[in-house]
Amino acid sequence: MIVPKLQLHPDDSRLRSIIRAIRSPDSCWPERILHDPLVVARVRDRTVALVCDPDALREVLSSDTNRFPRWLPVYRPTADGKTRPNSIFVVDEHRWRGYRDAFAPLFAPNNVDVLVANSVSATEVAVARCMDDATTCVTRAALDIIWRTLLGDGPDARTSDDLDDQVYGLVDASRAGDLRAANQWIDTLVPVARHRGPGALMGPDAPMARMTNAGSAACPHLSDAEISDNFLALLYSGQETTVTSIQWAIWLLGQDPGLQDELRAEIREILGEAVPTRSSLQKLRMLDSVLRETLRLLTPSISTARSCTEPFEVAGELLPAGSVLVVPIYAVHRHRSLWEDPEAFRPERHARKLAHPMAYIPFSAGSHTCLAAKSSWYELMAILVTLLRRVQFTTSAPEEVGLHNNLVLRPTCGYDVRLERL
Ligand code: HEM
């Protein structure tokens, strides 16, 4: 199976911008990041380090957030050109914990059964409506799921009816690589949610409002503006990562009809015709491995960044206080010291123990680990089960597809995935 890869550079000469080192690795990461524990460069008066050493990664990601705070300037050039100071992604570390505690219940284990039911229902609606185009189909499903999650809606809600304009707008914007337009389409949903009335995110009984109205020190009351900013941020990040993950899974499976058939057989054997649930999804070992391998090779969020507030030693090199530490998730996932034959698609490798707990970090790790790290797995599994039951995928022209990062990991050119109803 052919797996696309980033075009990296033969030497370190392009590592001249910190923002680009985090956001546009295809333009500046050196090839040696795939086998060295560390690559260090000086950018003006600052040190920037790409860190693949797993012990150092564990320390950086799991330590107190005051010791290795997020490097926030990377969020300034956001999709719409302005910082959203009130979102969980950009808020200062000392206020961030309150935000995290406020939103975490939306993605908590007790909500996973509803999330799975929503994922099945939203995917069925998407397949029924958008069979002619795989991207539209997946975008509809992903947007519908995160919309229901944030509004506190269940699988029977008629939420799908509200989303058509946004889905087509998002697909066009994403095909044009225009993140600003994509963000604006998502932004149009904020007032829709506001006017949904009780049960909606911002109504009096809304999940987020209920959590934030408590006004305790750990969970301070959020203003309307803060809730809007976070609603947009969660909606956007939640749908974009899900769409990318499923698209790449479909792309890989589209090259291997035999593997699709094996997965369908596993689904039939374990689930029969039943609607998947949280516990039945855990039994689909082969599908789990395929999903893990997809998120290893084609991980949607390919990097994150911290800074160090004191000198920090990595792989025998002392980085000065104030250095920017890039966690190059894509490179960690293909690192020669952590994976055997790292460029190959081999789902069965996930049956074995990892070489190091930090070898596999699609959702990052530690305090800032993805808020939806656990629930996303169920969502993605439920979407894949529903798609595999309904549709056969065929991918064309894999040789021509390269990778680049534009918020998430995307193909460099359009490619064809045919969906045929089973
Ligand atoms: C396949 C799906 C997803 C992947 C691979 C993914 C990956 C990531 C990564 C790598 C981070 C950065 C963590 C860090 O800086 O250490 C992150 C953060 C975050 N993600 Fe996700 N994500 C996914 C889905 C979602 C979904 C569905 C949501 C729901 C809205 C979400 C919400 C967040 C939030 C709020 C943060 C910031 C957490 C914090 O700083 O405390 N993600 N995600």
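Shown here for the stretch 223-314: GluC sites (Glu not before Pro) in loop regions (DSSP other than H, G, I, E, B) with at most 16 other Cβ atoms within 10 Å, namely 273. Across the stretch 400-411, computed HN-Hα scalar couplings (Karplus, 6.51 cos²θ - 1.76 cosθ + 1.60, θ = phi - 60°) run 7, 8, x, 10, 8, 10, 9, 6, 10, 6, 10, x Hz from first to last residue, x flagging Gly and Pro. Relative contact order for the stretch 95-158: 36 percent, from Cα pairs under 8 Å spaced at least 6 residues apart, divided by residue count.
The slack in the chain from residue 35 to residue 225, taken as 0.36 nm per residue of separation less the alpha-carbon distance, amounts to 63.9 nm. Ranking 337, 246, 260 by Cα position along the charge dipole of the stretch 234-345, where only Lys, Arg, Asp and Glu carry charges on their C-beta atoms, puts 246 farthest toward the positive end. The three principal axes of the C-alpha atoms in the chain carry coordinate ranges of 56, 54, 38 Å, sorted with the longest axis first.
In angstrom, the C-alpha Rg and Dmax of the stretch 83-145 are 16.2, 48. Of 276, 328, 191, the residue with the greatest mean-square motion in the GNM of the chain, using alpha carbon springs below 10 Å, is 191. Were the residues from residue 161 through residue 16 laid out at 0.36 nm apart, the gain over their Cα-Cα distance would be 47.5 nm.
Couplings 3J(HN,Hα) for the stretch 364-369, derived from phi with the Karplus relation 6.51 cos²θ - 1.76 cosθ + 1.60 (θ = phi - 60°), are 6, 7, x, 4, 9, 3 Hz, where x marks Gly and Pro. Just the protein heavy atoms count here, and of the accessible area of the chain at 1.4 Å, carbon and sulfur take up 50 percent.
Taking the stretch 279-302 and a reference point 7 angstrom along Cα→Cβ of residue 113, the backbone N atoms nearer than 13 Å belong to 279-280.
By the combined test of axial Cα extent (at least 24 Å) and Kyte-Doolittle hydropathy (mean at least 0.5), the qualifying DSSP H helices of the chain come to 112-129, 134-151.
Assuming charge only on the beta carbon of Lys and Arg (+1) and of Asp and Glu (-1), the dipole of the stretch 13-157 about its Cα centre is about 920 debye to the nearest 20. Give the Debye-formula value of log10 I(q)/I(0) at each listed q (0.14, 0.19 Å⁻¹), with one equal scatterer per alpha carbon of the stretch 1-112, two decimals each. Log-scaled intensity ratios, in q order: -0.81, -1.17. State the Cα centre-to-centre distance between the stretch 236-284 and the stretch 407-422 in whole Å. Centre-to-centre distance over Cα atoms comes out at 16 Å. Karplus-based coupling profile of the stretch 30-41, in residue order and whole Hz: x, 3, 5, 5, 7, 10, 8, x, 7, 10, 10, 9, with θ = phi - 60° in 6.51 cos²θ - 1.76 cosθ + 1.60 and x standing for Gly or Pro.
When you filter the trypsin sites (Lys or Arg not before Pro) in the stretch 128-180 for DSSP loop state and at most 11 other Cβ atoms inside 10 Å of their Cβ, you are left with 158. Farthest toward the positive end of the dipole of the stretch 289-383, out of 355, 291, 371, is the Cα of 291, where the dipole comes from beta carbon charges about the Cα centre.
Selection among 28, 225, 319 by position relative to the dipole of the chain gives 319 as farthest towards the positive end (Cβ unit charges, Cα centre).
Computing Rg and the Kirkwood Rh from the Cα coordinates of the stretch 297-422 gives a ratio, Rg/Rh, of 1.03. If you bin all the Cα-Cα distances of the stretch 230-315 at 10 Å, starting from zero, the percentages per bin are 14, 31, 30, 16, 7, 2.
Using a probe of 1.4 angstrom and keeping all protein chains present, the accessible surface of the chain works out to 41 square angstrom per residue. A cut-off of 5 Å between modelled amide H atoms, ignoring neighbours fewer than 5 places along the same chain, links residue 304 with 327, 329.
Here the chain is treated with +1 on each Lys and Arg Cβ and -1 on each Asp and Glu Cβ, and its dipole about the Cα centre works out to around 600 debye.
Residues whose amide H lies under 5 Å from that of residue 391, counting only those 5 or more places away or on a different chain, are 422; hydrogens are built 1.01 Å from N in the peptide plane. From helices alone, the chain scores -13500 deg cm²/dmol at 222 nm; the rule is -39500 (n - 2.57) for each run of n ≥ 4 DSSP H residues, then divide by the residue total.
Springs join every pair of Cα atoms under 10 Å in this Gaussian network model of the chain, and among 173, 274, 225 the largest mean-square fluctuation is at 274.
The values are calculated or read from the model by the stated rules, or taken from the named source; none is laboratory data. Not measured: the values here are computed from a predicted model. Glycine also receives a Cβ, built like all others from the backbone with ideal geometry; neighbour counts cover every protein chain displayed. All accessible areas refer to the heavy atoms of the entire protein, side chains included, with ligands and DNA or RNA removed. Shrake-Rupley method; radii C 1.70, N 1.55, O 1.52, S 1.80 Å.
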